[in-house]
Each structure stands twice: as C-alpha cells, then as structure tokens.
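The values are calculated or read from the model by the stated rules, or taken from the named source; none is laboratory data. The model shown is predicted, which means the values in this text are computed figures rather than measured ones. For neighbour counting, all protein chains shown are included, and Cβ atoms are generated from backbone atoms with ideal geometry for every residue, glycine included. Note: areas computed on protein heavy atoms with side chains; ligands, DNA, RNA excluded. Shrake-Rupley method; radii C 1.70, N 1.55, O 1.52, S 1.80 Å.
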Amino acid sequence: QVQLVESGGGLVQAGESLTLSCAASGSPFSLVIMGAMGWYRQAPAKERELVAQITRGGVTNYADSVKGRFTISRDNAKNTVYLQMNRLKTEDTAVYYCAAGRHITATPGDYWGQGTQVTVSS
C-alpha cells in the first residue's frame, strides 16, 4: 500500500502562482512499482477532473484548461510529484487531489491523497 500526502494549497489572488507537492510513502516494493502520478481537482457542485499526470518516465498530459499555465514534475528518488500553477484563475478554485497508479503501467487512480484546498480570489 502507498499513502499520499499533499501540501501547498492555500489562498492566492488571480494571476499569482502556487506549487503543490505530494509525497508518497509505503513499502519499498510498492513505491518502486508505483505507476503514473497525477493531480485531479474537484470544484463545488462539479465532478472530479484530471488536471495533469506524469508517468514514471516523465511523459506528461494536461487538461486543456491548464495547458501553458500548470507544470507537473516528478522526483522518483523522493517519490514526490509537484504541480506548479502559474497565472491562476478564479476557476482554478477547487480541492486538489494527488493520485497514483499501483503498477508501473497504471494510470493515477489506485491511491489517493486526502486533498488540499486551492482558492483563487479575484
């Protein structure tokens, strides 16, 4: 089993930046075979949506709404994934969840963090 703990959320003004971090912990074997990691978000009264994901090898994928503003990165040695969010908009306000895949080829979704609130004010 793997545990994911997010940090870095908060309240910022539109146009500002914020960086989220998610650290994975667990048995060494589970961490070594862990697959893609990613960030989802859920705004009030909306469904959870994928924001960005990154494979173990560094291949990334972004939601159209954040392309060019958000950057996902991963440090496999630290079992940590980051989400650099620039030029934040009020519509980015949501609870952001970290997720990871159980196996090397798995997409994020087997393990979940508890979420961190990001609020962007106008």
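Relative contact order for the chain: what is it in percent, counting Cα pairs under 8 Å that are at least 6 residues apart? Reported as a whole number, the value is 36 percent. For q values of 0.14, 0.26 Å⁻¹, compute log₁₀ I(q)/I(0) with the Debye formula on a Cα-only model of the range 70-122, without solvent. Ignoring solvent entirely, the Cα scatterers give -0.46, -1.14.
Using bins of 10 Å that start at zero, the share of Cα-Cα pairs per bin across the range 1-63 amounts to 17, 42, 32, 8, 0, in whole %. Summing Cβ point charges (Lys, Arg +1; Asp, Glu -1) relative to the Cα centre of the range 66-110 gives a dipole of roughly 160 debye.
With unit charges on the beta carbons (Lys and Arg positive, Asp and Glu negative) and the dipole taken about the Cα centre of the chain, which residue among 31, 8, 83 sits farthest to the positive side? In the chain, that residue is 31. On a per residue basis, the range 50-122 carries 49 Å² of accessible surface, using protein heavy atoms and a 1.4 Å probe.
Compute the FRET efficiency between residue 104 and residue 13 as 1/(1 + (r/R0)^6), taking r as their Cβ-Cβ distance and R0 = 35 Å, and round to the nearest 0.05. For residue 104 and residue 13, the calculated efficiency is 0.30. Peptide packing: for 102-108, 57-63, the average count of neighbouring Cβ atoms within 10 Å per residue gives the ranking 102-108, 57-63, highest mean first.
All other residues whose Cβ lies under 14 angstrom from that of residue 36 are scored, Lys and Arg at +1 and Asp and Glu at -1, for a net of +2. Rounded to the nearest 20, the Cβ-based charge dipole of the range 1-62 about its Cα centre (Lys and Arg +1, Asp and Glu -1) stands at 120 debye.
With all protein chains present, how much of the accessible area of the chain (probe radius 1.4 Å) comes from carbon and sulfur, to the nearest whole percent? About 51 percent, which is the carbon plus sulfur part of the accessible surface. Taking a sphere under 15 Å around the Cβ of residue 27 and counting the other residues whose Cβ falls inside, with K and R at +1 and D and E at -1, yields a net charge of 0. Please compute the Kirkwood hydrodynamic radius of the chain from all pairs of different C-alpha atoms, in Å with one decimal. So the Kirkwood estimate lands at 14.2 Å. Per-residue extension of 0.36 nm, minus the Cα-Cα distance of residue 63 and residue 119, leaves a gain of 18.3 nm for this segment.
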